[in-house]
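First comes the structure, then the notes that go with it.
Read-outs throughout are calculated quantities, based only on the coordinates presented, and are distinct from any laboratory measurement. Treat the numbers as computed from the prediction; the structure is a model and nothing was measured. Don't worry about glycine lacking a Cβ; one is built from the backbone with ideal geometry, like all the others, and counts go over all protein chains shown.
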Amino acid sequence: MVAREGKICSFCATPGSRDLQLVGGLGAQVCETCIDDFHALLHDPEKRAASKGAFPWEAMSDAEVLATLPQIMASAEQNNAFAHEWVDLLRERNISWAEIGRTLGVSRQAAWERFARKGGDKSETA
Ligand SMILES: [Zn+2]
């Protein structure tokens, strides 16, 4: 496991640190605590039966639902930043904007407008 300081757990929004490892893929991160909690839930028949069909927010107060919104936005921003890092990786590999756009189902121009870094990758023609 690798410490991913500056990243948050996509499930509980706790920042990763030397004391709290995060692992992830496709931009999502998960902390050791959430892994343990989800593992326990999945492998305890009573907990699993109790959680079946219930969404976590059904037991949350309005204040808790409201307090969760910034965490959802932080997770979304983290994923969006990862998509930009991934496009940077593709560009470093000389993958063209046309190919990136084709993969996303958008035009070369649309891909460039969404992902080109201001003051960075301005090679729109490639
Ligand atoms: Zn977590």
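Here are a few things to note about the model shown:
- Ser61 surrounded by 10 or more Cβ atoms within 10 Å (Cβ to Cβ) and of a type outside the set (Asp, Glu): no
- Hits in the stretch 88-107 (condition: surrounded by 15 or more Cβ atoms within 10 Å (Cβ to Cβ) and not in a helix (DSSP H, G or I)): Ser96
- Hey, Phe11 surrounded by 11 or more Cβ atoms within 10 Å (Cβ to Cβ) and assigned to a loop (DSSP other than H, G, I, E, B) or not: yes
- For Ala40, the requirement of being of a type outside the set (Val, Ile, Thr), without any contact (Cβ under 8 Å) to a residue 24 or more places away in the chain, assigned to a helix (DSSP H, G or I) and more than 12 Å from the ligand (Cβ to nearest atom) is met.
- Qualifying residue in the stretch 25-35 (condition: in a loop (DSSP other than H, G, I, E, B) and either surrounded by 15 or more Cβ atoms within 10 Å (Cβ to Cβ) or touching a Ser or Thr at 6+ places or on another chain (Cβ under 9 Å) (or both)): yes
- Which numbered condition Cys9 fails, given (1) more than 12 Å from the ligand (Cβ to nearest atom); (2) without any contact (Cβ under 8 Å) to a residue 40 or more places away in the chain; (3) under 18 Å from Asn79 (Cβ atoms): (1)
- One residue from Glu85, Glu77, Glu58 being in a helix (DSSP H, G or I), more than 16 Å from the ligand (Cβ to nearest atom) and farther than 23 Å from Lys7 by Cα: Glu58
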